[in-house]
Each structure stands twice: as structure tokens, then as C-alpha cells.
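Taken together, the values in this text are just the output of simple stated rules run on the coordinates, not laboratory data. In this text, all values refer to a predicted model and were calculated from it rather than measured experimentally. Backbone-built Cβ (ideal geometry, glycine too); neighbour counts: all protein chains shown.
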Amino acid sequence: MYKAVLVDDENLVLKSLEAGIDWRKSGFAVAGKANNGTKALQMIRELKPHIVFTDIRMPGLSGLELIKQIKEMDSDVQIVVISGYAEFAYVQKSLSYGVLGYCLKPFDDHEIDGLLKTAAKAIEDIRQKRENELLELIEESSSERADAAFDRSLRANGLDADCLYALVSLGKGRLSFREGVHSVAVHLGASRIGYFVQCAEAEQLRGLIREPIPADNLGIGAACAGRELSGAIKALDAATEHAWDFFVHGRDAVHFREEAAGDTEAGLLVRQLERSAAKKDIAAMRQLLKEMALPANKRGMTIVLALIVYNIVYFHSSSDPSAPPEEEYIFSRDQLYHLYRSFDAMIDSLREELREPGSTSGERKTAHANLKEIVKHINENYRSDISIQSIARSFYMNPNYLSQLFKRELNITFTEYLTQVRLRQARLLLETTGLTIGEIADGVGFRDYFYFIRLFKKYEKITPRQYRLQAGSSREGNA
């Protein structure tokens, strides 16, 4: 809900304005009322409302002076002037201060509803502008100028404390926070939203989020963030990783880590699994996997450890353990989730994989799939969460063999080929559309916004935003 403050020296007018309008229908709630300009100014400083309805003529601090001071304090606050017919000259002067509009006494419900709709759109446009500015800063390298701009952006959204947290939610749904919580959001892709939230302790974060949480939300992660840009970017990366812990622990909590994963019982079990795999002790591996699924041991399990567990078992069952593992391993959290959906399901599948010592993946080779058809499939489905494992399954092939096939026939690894296909389409979208960087990243198959930025810069030597600017300059030069 957007916050409104009502100001008029007549209490009857205040009561009439509050009771006569369906504020909630337009997304507003009356947060405070004041019967003089001085009291109103103090209230506005404390409440930080989105919109102020104020009388134009009041004793003491006049409506005009109040409007002027509000705009000096926060130019984004929407202001509607309350006036009588005899005060029209004052209304005209107020318009020069940048007020949204005015309404005459007695009030017309439809007129005020229209003003509230206009205000809501203006507030949403301002929010979107602030988020875009914040996103542009996050794409920059940390510098004194960028740090200062980042700090100003935080303060403009009411985040003035030193203790801030970065939250990341996975999914398209946007989190909303309880009344009085200072936060600012930034879209990191179509399925990932970051938030900076003012909060004293991590344990309090879950209680700040308004229920219900969007149904398509997968997980929420948190990490400590300072006021410097470099620290904030690292915090968003950490919060993203923590959010993926939903794969192990479910979707209800805000996932936040303080204990190093290697110091937990889960971390010790993973190291034992690695030693057992090296000895090819399948019975011990199956027992260790079973122990990992126990509630007491799962407490220290993370998405990173889950990936390690999968790769240990997968490499053990590979038909060619001497082959470079980069292609066959899963490094993506998205891939692991789309293969198994949960940690328990993964453990059950891996234990089944190890059930018969002789049943290696080499025995699962089936008819040779035409590489041309596989390449065609990649070119048509690069937007999806595809991996060498999912392609191998679709074409009834061994992933090791498919990896070798790519290297032998195309002189390129599977990952490199998929990356080149995605980046080629990203360049085209940057050149020909007005889609945001996050929308483009998600649209070509990159679910991690920062990973897309880093990968694009690695291949193109410039950021996506710089590429778009250069492409625009080239078109103008050729026109």
C-alpha cells in the first residue's frame, strides 16, 4: 500500500476526506493526518509518505510553503492541493512547484479517484526509474563515484542505516514487505529479484516479508550487505546462492548461512563420500548418501555441497573416468533442480544409480543419435535449462560419449557451443530490441544475471550495456 498524509486546518475536512474515499481500492492507505503545516512537515519527515493532500491556505506554515519544503526534502512525493474556488490564484502558483493536481471543496469522489490513479502510476514510474538506476550501478565496477551514487540511491529509498541485508528471491513473483520496512528492489533477470532491506538481525528478515509469498517463488536467500557497491554486489551473489538452498531445506524459510559448509556434519560426510568413491567402495557410498538425507545431517547441507555430491557419484559411474570432467559435471544449480527438484529425490536417484556395481553408464549406450539433430535441438531450445545430461537423456546417449562427439566432430565443447548460440542471440536482441539486460539474459537461457554479464564481458570484452550503446552509435553513423 502507498502511504498518504492529509493536511487541513479544519478537522471536519480531514475526517470527510479520509472517510469519503475508498483509498484501498487505488492502493493507498491514510498513514497520518495533520491540522497545521508545521505538524504536517514533521509527520512527513517521519512517515515518508508517497502522496500528500494539503490545504493551500492555513495559519502559520502555509500550504504553499509546506509544498515547497516537501519538494526540497523529497521531490518524488506526489502532492494534491485542496482548495476552494476563491483560492484559485494560490492553486496556480502551487502548480509551478510541481504538484500533481488539485481538488475543489466539496470533494468529488471520482475526481480524487482519478488523481489517485495518476499518482499510483507516477509512483510506480519513479520506483522503476530508481530500480533501473540501481541496476546500472550494480553493473559498474566499484569506484568512488559509483559508491557515492549507490549510497545516494539507498538513502533515496529510506535505507540510511549501516546494517543492511541483501535478499534474493528466485521466481517471477515480487516480495512485498510489511508497513514501515525500508527496502528497494532490483530485477536481476526475469526469474530473480534482489532487494536491499534495512534490518537489525538476519533472524528478523522472514517476519518483515508480507504474506502470502508469491506461489511461484522457489526460495529466498539473504546475506549481509554494507553500503559500498562492491560489498553489495558480493552480497547479492551470496544471497542468490543461499536462496538455492531451498533445494535442500524447502521454500518456507529465508536461507542465511553463518557456519562454513565444510565444518558441518554434511561437509564431513561429503569428504567421506569422496574418499569412498576413490576406493570404489559402492556399499560405503550408498550408506553415506543415506546418512546425508537424515534431518540432523541435512541441516548443514547446501546447494553447493549437493552439486559436489552429484558430481562425485556421477564421475564414479562414468564410463571413462580419465576423461576431463568439465563437460559431464553439473555446475549449474538450475540444472540440478530441473533434474531432481529436491535433495531427497536426488539422493534416492543416486543410491539407485549405485545399486548394481556392474551397471555403469557405459552399458546404457543406445543407438547413435545424429549429431546434426542434436545441434538442431540445441539451436531450437537454447532458451531452456538444457545441459549435456538432459540432451544425452533425450537422445539416449551416454553424456561422456556425447561430449567426445562434440569435440571430435565440431572441434568445440558442448558448453562452448551452447554459450556461443546464446550469446549470438543476446547480441541480436541488444541490437534490435528495447528489452532490458535482465530480460535478454533470461530470454536466451541465462538464469543468473551476474553470470551473464561476466560471460558476455569475457567473450565480447565489453558489458552488454556498452555493446548496445556501440551498436546504436553504429546504426546512427550508417544512417
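Enumerate the calculated ³J(HN,Hα) couplings along segment 69-81 in order (Karplus 6.51 cos²θ - 1.76 cosθ + 1.60, θ = phi - 60°), each rounded to whole Hz, writing x wherever the residue is Gly or Pro.
Taking θ as phi minus 60°, the curve returns 6, 4, 5, 5, 6, 7, 5, 8, 5, 7, 10, 10, 8 Hz for segment 69-81.
Mind checking which lysines have their C-alpha under 23 Å from LYS407, skipping anything on the same chain fewer than 8 residues away?
LYS365, LYS372, LYS376, LYS458
If one takes the longest principal axis of the Cα atoms in the chain, at what angle in degrees, from 0 to 90 and to the nearest 10, does the Cα axis of helix 449-460 lie?
Helix 449-460 and the main axis of the chain meet at about 70 degrees.
Helix 371-381 sits at what angle to the longest principal axis of the chain, using alpha carbons and giving 0 to 90 degrees rounded to 10?
With both axes taken from Cα atoms, the answer is about 20 degrees.
I'd like the FRET efficiency for SER394 and LEU218, computed as 1/(1 + (r/R0)^6) with the beta carbon distance as r and R0 of 25 Å, rounded to 0.05.
Taking R0 as 25 Å, the efficiency between SER394 and LEU218 is 0.55.
What is the helix-to-structure angle for 343-353, meaning the angle in degrees between its Cα long axis and the longest Cα principal axis of the chain, kept from 0 to 90 and rounded to the nearest 10?
10
Structure shown: which of LYS33/LYS121; LYS39/LYS129; LYS234/LYS290; LYS121/LYS234 lie over 26 Å apart, alpha-carbon to alpha-carbon? Each step should come with its number before you reach the end.
Details: LYS33/LYS121 23 Å; LYS39/LYS129 31 Å; LYS234/LYS290 34 Å; LYS121/LYS234 33 Å.
Long pairs (Cα-Cα over 26 Å): LYS39/LYS129; LYS234/LYS290; LYS121/LYS234.
With log10 I(q)/I(0) by the Debye sum over Cα atoms at q = 0.08 Å⁻¹ as the read-out, I listed [x] -0.64; [y] -0.56; [z] -0.50; which label goes with the value calculated from this structure?
[x]
Between GLU258 and MET1, what is the label-point separation in nm under the 7 Å Cα-to-beta-carbon projection?
Taking the simple label geometry, MET1 and GLU258 are separated by 3.5 nm.
I need the calculated FRET efficiency for the pair ARG145 and ALA284, taking r as the beta carbon distance and R₀ as 41 Å, to the nearest 0.05.
0.15
Along Cα→Cβ, 7 Å out, is where each label goes; now give me the distance between the ones at GLU460 and THR38 in nm to one decimal.
In this crude spin-label approximation the distance works out to 5.8 nm.
Using r as the Cβ-Cβ distance of ALA471 and LYS129, and R0 as 22 Å, what FRET efficiency do you calculate, to the nearest 0.05?
Step by step, r from the Cβ atoms, then E = 0.40.
In terms of modelled amide H atoms, which long-range or inter-chain residues lie less than 5 Å from the amide H of TYR2?
PHE28, ALA29
Taking θ = phi - 60°, what integer Hz values does the Karplus form 6.51 cos²θ - 1.76 cosθ + 1.60 yield along segment 152-158, in sequence order, with x for Gly and Pro?
Computed from phi, the couplings for segment 152-158 are 5, 5, 4, 5, 5, 9, x Hz.
Of THR302, LEU423, LEU115, which is farthest on the positive side of the dipole of the chain, counting Cα position, with +1 on Lys and Arg Cβ, -1 on Asp and Glu Cβ, and the Cα centre as origin?
LEU423
If each residue of separation counts as 0.36 nm, what is the full-extension length gain between THR432 and SER332 once their alpha-carbon separation is subtracted? Mind showing how you got there, number by number?
On the way: separation 100, 0.36 × 100 = 36.00 nm, distance 2.93 nm.
Roughly 33.1 nm would be gained on extension.
To the nearest Å, what is the center-to-center distance of segment 290-307 and segment 1-78, using C-alpha atoms only?
Here the answer is 53 Å between Cα centres.
Where both residues lie in the chain, what percent of DSSP beta bridges are antiparallel, nearest 5?
Close to 50 percent.
Using 0.36 nm times the number of residues separating ASP348 and TYR451, minus their current alpha carbon distance, what extension gain do you get?
On the way: separation 103, 0.36 × 103 = 37.08 nm, distance 3.05 nm.
Using 0.36 nm per residue and subtracting the Cα-Cα distance, I get 34.0 nm.
What is the chain's relative contact order, in percent, from Cα pairs under 8 angstrom and six or more apart in sequence?
Relative contact order, the chain: 9 percent.
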